[in-house]
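What follows is a short report on a single structure.
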Number of protein chains: 2
Amino acid sequence: MEPLTTEQKIIKAASKLFTQKGYAATKTREIAEEADINLALLNYYFGSKERLYKEVVKNNLGMLLEVMIPILSDEKVSLKEKVVTIAENYTQLLLEHEELPIFILNEWTVNEDLFVDITRDARLFAKPVIEKQLKENGMEVSVDDFIANLLSLIMFSFVAKPLIVSSGLVEEGEFANFVNRRKEKIWEWMTKINQ
Amino acid sequence: MEPLTTEQKIIKAASKLFTQKGYAATKTREIAEEADINLALLNYYFGSKERLYKEVVKNNLGMLLEVMIPILSDEKVSLKEKVVTIAENYTQLLLEHEELPIFILNEWTVNEDLFVDITRDARLFAKPVIEKQLKENGMEVSVDDFIANLLSLIMFSFVAKPLIVSSGLVEEGEFANFVNRRKEKIWEWMTKINQ
DNA sequence: CCATGGATTAAACAAATGATTAAATCATTT
DNA sequence: AAATGATTTAATCATTTGTTTAATCCATGG
């Protein structure tokens, strides 16, 4: 594979550190060292730490929304397929990027404006489609609760991984199995909850 | 009521800022200003920013565990009572301290050692009791999944509040109603899931 | 072959930040 | 009221941190 351009090396290093440690705890010199570039190049390419950060947030949030929005708002995909596909895709994506949920949720709290336009599509397109499909499936739950329950059941294990692992509920090496087992049951759980 | 001592004023201000913005983003001068005390007093009473931080983490984590451990490990409390009481207490506590879940989970990821002894009791006492009660209730779920599902259904709304609100699923002013409605259904959901 | 312009580097700067100091003040005891 | 110890203050220190500058490298086109 091609060697990374300087710009790509910086984004990659910044993404790793920002998602792991947050904005304030990540120092520009650390990013430069991780990316193996001179400190000044960071400002040369991205202008400032803040602009680099926004780039990283945009990339990572995009990655999460790409998984969800097209599936949820597609009328041709059944509700079950949606739940199964989203559970599958998210579980896989989050296993590869375990730090993502907390990073995004944290960021969403601090920096709300940044997210408004990025998530406009979800608001606009997905809600009416889901509403219709819930009725067709005889589910009496609101769209709000449906999506909250779905995300809750998929993502919470990742958000609370440190709690789950260090409290001894699940061994570190068993975590992937744990979430993969849960993933399989999510449609079953959703139907039971919203019988 | 008594006026706060200098020490209490510092803890209060530090707790507010640390939980809102995290360790690195919170500056000692901010804490001093928020507490309306001189900067040097912070080091006079707590030695350093780090020691003050650990004090804050200990207080806040303690607050969360106090709600859970005594209830979970009490053999005289039925499983339903446990779920209902924990859902009730957590929802109320978290509505008053909405920033707590993300702060604790974040902290748990970064600073795992700090939590090991604080959570020892939970590991030791709660697990066998719950195991027994699950059997008695004919629930075939593992203790792991049971607690993960319980916490998941209660806490996720708070963790994902920014996502839920800014995506338009729930209005800001309706959030308390939203979690209170969910709270009432948690035992029902838990029994359905683990029928 | 070298001149041009982007890419890269080392060094420096200014502001921010955690911590310390020494003096001043306050409260309590003698 | 004098003495003592605890508390508070303003000033300062040393380091870190984000950013900038000026010099140098290096590939490309004339």
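The values are calculated or read from the model by the stated rules, or taken from the named source; none is laboratory data. Being a predicted model, the structure only gives us computed values, none of them experimental. Positions of Cβ are backbone-derived with ideal geometry, glycine not excepted, and every protein chain shown enters the neighbour counts. Only protein heavy atoms, including side chains, enter the accessible area calculation; ligands, DNA and RNA are left aside. Shrake-Rupley method; radii C 1.70, N 1.55, O 1.52, S 1.80 Å.
Residues of the stretch B:18-32 that are within 12 Å of DNA strand C (Cβ to nearest atom), in a helix (DSSP H, G or I) and within 13 Å of chain A (Cβ to nearest Cβ): B:Phe18, B:Lys21, B:Glu30.
Mind listing whichever residues of the stretch A:19-43 are touching a Ser or Thr at 6+ places or on another chain (Cβ under 9 Å) and closer than 23 Å to B:Ile102 by Cβ? Matches in the stretch A:19-43: A:Gln20, A:Ala24. Under the condition of being at the interface with chain B (Cβ under 9 Å from one of its Cβ atoms) and more than 22 Å from A:Leu105 (Cβ to Cβ), the residues counted in the stretch A:159-173 number 1.
Only one of the numbered conditions (1) away from DNA strand C (no atom under 16 Å from the Cβ); (2) touching a Leu at 6+ places or on another chain (Cβ under 7 Å); (3) under 29 Å from A:Gln20 (Cα atoms) is not met by B:Val67, and that is (3). Looking only at residues of the stretch A:124-147 that are acidic (Asp, Glu), in a helix (DSSP H, G or I) and more than 9 Å from chain B (Cβ to nearest Cβ), we find that the one that is farthest from the chain's Cα centre (by Cα) is A:Glu136.
Of all residues in the stretch A:1-24, those that are hydroxyl-bearing (Ser, Thr, Tyr) and open to solvent by 50 Å² or more (accessible area, probe 1.4 Å) total 2.
Note on the stretch B:33-101: enclosed helices (runs of 4 or more DSSP H) holding 2 or more residues that are of a type in the set (D, E, K, R) and more than 16 Å from DNA strand D (Cβ to nearest atom) are B:49-72, B:79-96.
Residues that are within 14 Å of chain B (Cβ to nearest Cβ) and not charged (D, E, K, R) are absent from the stretch A:35-48. Suppose we keep only residues that are under 20 Å from the mean Cα position of the chain (by Cα) and of a type in the set (Ser, Thr, Tyr) within the stretch B:25-73. Which one would you say is most open to solvent (accessible area, probe 1.4 Å)? Here the residue is B:Ser73. Just to verify a result, which residue in the stretch A:148-169, among those that are among the hydroxyl-bearing types (Ser, Thr, Tyr) and in a helix (DSSP H, G or I), is modelled with the highest pLDDT? That would be A:Ser157.
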